[in-house]
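Q: Quick one: structure below, then a few questions.
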Amino acid sequence: MTEAELESVLDIYRLPNGDVWTVPILLQGKSQEFAAFQPGQSARLIDKRTGQSIAILHVEDKYEIDPRSVARAR
């Protein structure tokens, strides 16, 4: 989710386009793990057990959150 989408879901349970969306979906990790990724790039997600590609992640936004404040907003 972009930061704008997250804020909208937490505030009004809808995406900015008006679609109902009640649960935030966030990819969390350590800063150093995400340092190389920038908005506009894509990354292949690989299953470590099989080595197979399982998805392509398109990075639209990159921002830090406070997990506790997100949890409290729910």
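The values are calculated or read from the model by the stated rules, or taken from the named source; none is laboratory data. Note that the structure is predicted; figures quoted are calculated from it, not measured. Cβ: placed from backbone, ideal geometry, glycine included. Neighbour counts: every protein chain shown. All accessible areas refer to the heavy atoms of the entire protein, side chains included, with ligands and DNA or RNA removed. Shrake-Rupley method; radii C 1.70, N 1.55, O 1.52, S 1.80 Å.
Q: Tally time: how many residues in the range 41-74 are of a type in the set (Ser, Thr, Tyr), open to solvent by less than 70 Å² (accessible area, probe 1.4 Å) and either in a loop (DSSP other than H, G, I, E, B) or under 24 Å from Thr22 (Cβ atoms) (or both)?
A: 2
Q: Restricting to the range 12-40, name every residue that is part of a helix (DSSP H, G or I) and either surrounded by 14 or more Cβ atoms within 10 Å (Cβ to Cβ) or modelled with pLDDT of 95 or more (or both). Talk me through it step by step, then tell me what you get.
A: Within the range 12-40, the first condition is being part of a helix (DSSP H, G or I), and the residues that meet it are 12, 31-34.
Correct list: Ile12, Phe34.
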